[in-house]
């Protein structure tokens with residue numbers, strides 16, 4: 001099923017943002033993050049374009065995401081961040097797992113021995129995120145044990161910042177210090193990783209000391225996190241119906257909006273099933289004829305109503321921009337996130353699969 005909404009993906013902006021990554025990091029290796037369907041932009045198409053731009057490593061959250069990319073013809077290195085039990089798929093599809101416990105490492109080693117091969121892995125250490133990875137103290141003893149396993153190759157050592165996007169970098173600096181200390185200790189034991197990576201988008205933009213020899217840009221590729229970046233996605237629809245209503249007319253569920261004047265209400269066939277958040281009820285805006293039209297009443301599953309009383313020449317079929325630009329006016333995912341108390345990541349990844357993606 002398809003809705004009336006279209007997500008336009010500007011591949012030139014994606015290339016531009018990738019250029020910013022390269023400018024910030026010099027000749028560092030880039031592992032481009034395309035998890036969550038490339039943050040709602042379409043993982044296969046985004047991955048193919050990044051590969052055309054010279055990217056040879058991609059990161060996904062789960063094995064099924066990597067398998068989907070492989071089956072679509074993606075042949076570059078694929079790092080899987082969060083899975084631990086999909087051994088068969090990792091070997092069959094030539095995936096690189098992230099390891100965060102010794103038992104999983106031993107099981108991969110055993111399976112690789114059975115298959116008479118070696119498998120490259122990246123090891124995750126927790127420097128302060130509190131999510132996944134070996135605690136630093138434990139890593140000092142566990143990683144040498146992993147290094148002794150004959151059928152796995154310790155290709156990368158990674159960690160993750162919890163707040164590199166804050167102006168105050170004190171805690172991020174402590175995280176980086178823990179990571180560097182571990183790297184030095186392991187080198188003294190002749191354990192040397194090919195790739196050292198910790199820098200997410202925020203660190204790429206604002207923590208050059210954390211770039212090491214690989215970076216993991218995610219949200220910045222899609223245009224968010226810094227003023228120099230260009231949003232890649234626009235979300236558009238068109239006017240489905242126009243109604244002239246009298247003063248005192250309730251609009252949408254719950255009668256949370258009642259007209260205070262004679263009004264012209266346009267119905268747009270986009271709703272929370274498409275990722276247009278219900279919290280935008282009575283506070284969101286869309287662009288029609290390069291003017292801002294306020295959302296009135298509750299956002300419905302498949303529709304949203306906007307007040308176009310003060311916008312001339314609105315017709316059935318008029319273009320509606322929910323995210324993007326019309327002439328000098330624009331609405332970004334960051335603008336929407338600020339209205340509903342979230343982050344651009346959620347706004348972008350919530351855009352539903354029934355919304356058609358169009359690449360230009």
Tell me whether the stretch 98-105 contains one or more residues that are buried (at least 18 other Cβ atoms within 10 Å of the Cβ), at pLDDT 95 or above and assigned to a strand (DSSP E or B).
yes
Please indicate, with yes or no, whether at least one residue in the stretch 258-269 is assigned by TED's automatic domain parsing to the domain that holds residue 317, surrounded by 23 or more Cβ atoms within 10 Å (Cβ to Cβ) and in contact with a helix residue (DSSP H, G or I) (Cβ under 9 Å, 6 or more places away or on another chain).
no
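Residue-by-condition table, conditions (1) surrounded by 19 or more Cβ atoms within 10 Å (Cβ to Cβ); (2) assigned by TED's automatic domain parsing to the domain that holds residue 82; (3) in contact with a strand residue (DSSP E or B) (Cβ under 9 Å, 6 or more places away or on another chain); (4) farther than 21 Å from residue 32 by Cα:
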{"residue": "129", "(1), (2), (3), (4)": "no, yes, no, no"}
{"residue": "134", "(1), (2), (3), (4)": "yes, yes, yes, yes"}
{"residue": "149", "(1), (2), (3), (4)": "yes, yes, no, yes"}
{"residue": "161", "(1), (2), (3), (4)": "yes, yes, yes, no"}
{"residue": "171", "(1), (2), (3), (4)": "no, yes, no, yes"}
{"residue": "182", "(1), (2), (3), (4)": "yes, yes, yes, yes"}
{"residue": "194", "(1), (2), (3), (4)": "no, yes, yes, no"}
{"residue": "199", "(1), (2), (3), (4)": "yes, yes, yes, no"}
Is there a residue being more than 30 Å from residue 320 (Cβ to Cβ) and touching a strand residue (DSSP E or B) at 6+ places or on another chain (Cβ under 9 Å) anywhere in the stretch 35-49?
no
Test residue 220 against the criterion of being under 21 Å from the mean Cα position of the chain (by Cα), touching a residue at least 60 places away in the same chain (Cβ under 8 Å) and closer than 29 Å to residue 108 by Cα, and give yes or no.
no
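Assess whether residue 38 counts as being in contact (Cβ under 8 Å) with a residue 24 or more places away in the chain and over 14 Å from the mean Cα position of the chain (by Cα).
Against the criterion (in contact (Cβ under 8 Å) with a residue 24 or more places away in the chain and over 14 Å from the mean Cα position of the chain (by Cα)), residue 38 does not qualify.
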Every listed condition ((1) buried (at least 18 other Cβ atoms within 10 Å of the Cβ); (2) under 25 Å from residue 351 (Cα atoms); (3) out of contact with any helix residue (DSSP H, G or I) (no Cβ under 9 Å at 6 or more places or on another chain)) holds for residue 241 save (1)
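The values are calculated or read from the model by the stated rules, or taken from the named source; none is laboratory data. Model, not experiment: these values are computed from the prediction. Note: ideal-geometry Cβ built from the backbone for every residue, glycine included; neighbour counts use all protein chains shown.
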